[in-house]
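Below: the structure, in structure tokens.
What follows draws every value from the coordinates through simple rules; no lab data is involved. These numbers were taken from a predicted model, which means no experiment stands behind them. For neighbour counting, all protein chains shown are included, and Cβ atoms are generated from backbone atoms with ideal geometry for every residue, glycine included.
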């Protein structure tokens, strides 16, 4: 398939032209002491921070999806592969967020591989956002989307709904949905019944996101970094504030890892690519 045709279809699917406020400049400045990435990315990527990041050959022969685009993922790509991810960097807990090495960008160029990612457009996707897929897997009823990352895009990155399960029953259902290789545990126990359940996939353990859920009568908060082991003090500081607020509000906090909560869309995208005649596979490189 022609790369330009595939990019047009992806841009339309994720409404990339609407993105106005999904800024990754701070993360890039933090992880790239030397901004060598600028020599490899598409013109216009900086500032948009979504869509085609690295252009490879004109033809795409296969697709690889992943949660975190680390150097080991790039090293395993066959020539003329499109790499699809939510993130432009590796959100590893240890030693902290990691960039793609210069050698990885060179590998992409040498093998004619392209790299396409969407962050806010995926988190706010009306069908396969990670929070939406988790809420469906948990069987939540009366769901409401809220908390947009980019208000220029429709929808929200969080979902809240009601469950008749106990807290332990909700955790058990989440384990079944995500699979046995994803650790799921209760970080804070506020109530015995799940009640009003907020799902904020990925790195949702921050006080602002929790406050938005509390304002919607949240009893249980499901996210991916309530029990984070990230070594970055900036992340730990936010996490401590999140836990204090959860304890004060008697909200139960359930952690299923950043990786685990954002894996479902990457699996769902396999069918999207296969319907376009492209072999597609998901690369496991977590949970972290």
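Laid out as a table, the results:
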{"read-out": "Computed over the chain: relative contact order in percent, which uses C-alpha pairs under 8 Å that are six or more apart", "value": "19 percent"}
{"read-out": "Using alpha-carbon coordinates, inclination of helix 233-249 to the longest axis of the chain, degrees", "value": "30 degrees"}
{"read-out": "Helix axis angle, 258-274 relative to the chain longest principal axis, alpha carbon, degrees", "value": "50 degrees"}
{"read-out": "Computed FRET value (nearest 0.05) for residue 141 with residue 33, which takes r as the C-beta separation and R₀ as 45 Å", "value": "0.40"}
{"read-out": "Antiparallel content of DSSP bridges confined to the chain, in %, to 5", "value": "45 percent"}
{"read-out": "Highest average packing first - 105-116, 193-204, Cβ atoms within 10 Å", "value": "193-204, 105-116"}
{"read-out": "Neighbour-count ranking [beta-carbon atoms within 10 angstrom, fewest first] of 53, 1, 269", "value": "1, 269, 53"}
{"read-out": "Pairwise centroid distance, computed over Cα atoms, of segment 98-139 with segment 1-73, Å", "value": "9 Å"}
{"read-out": "FRET efficiency estimate (nearest 0.05) - Cβ-Cβ, residue 234 to residue 12, R0 35 angstrom", "value": "0.45"}
{"read-out": "Relative contact order [Cα under 8 Å, 6+ residues apart], segment 123-261, whole percent", "value": "25 percent"}
{"read-out": "Tilt relative to the chain, helix 167-178 - C-alpha long axis, 0 to 90 degrees, to 10", "value": "20 degrees"}
{"read-out": "Diffusion coefficient, µm² s⁻¹, Stokes-Einstein with Kirkwood Rh over alpha-carbon pairs of segment 123-261 at 25 °C and 0.890 mPa s", "value": "169 µm²/s"}
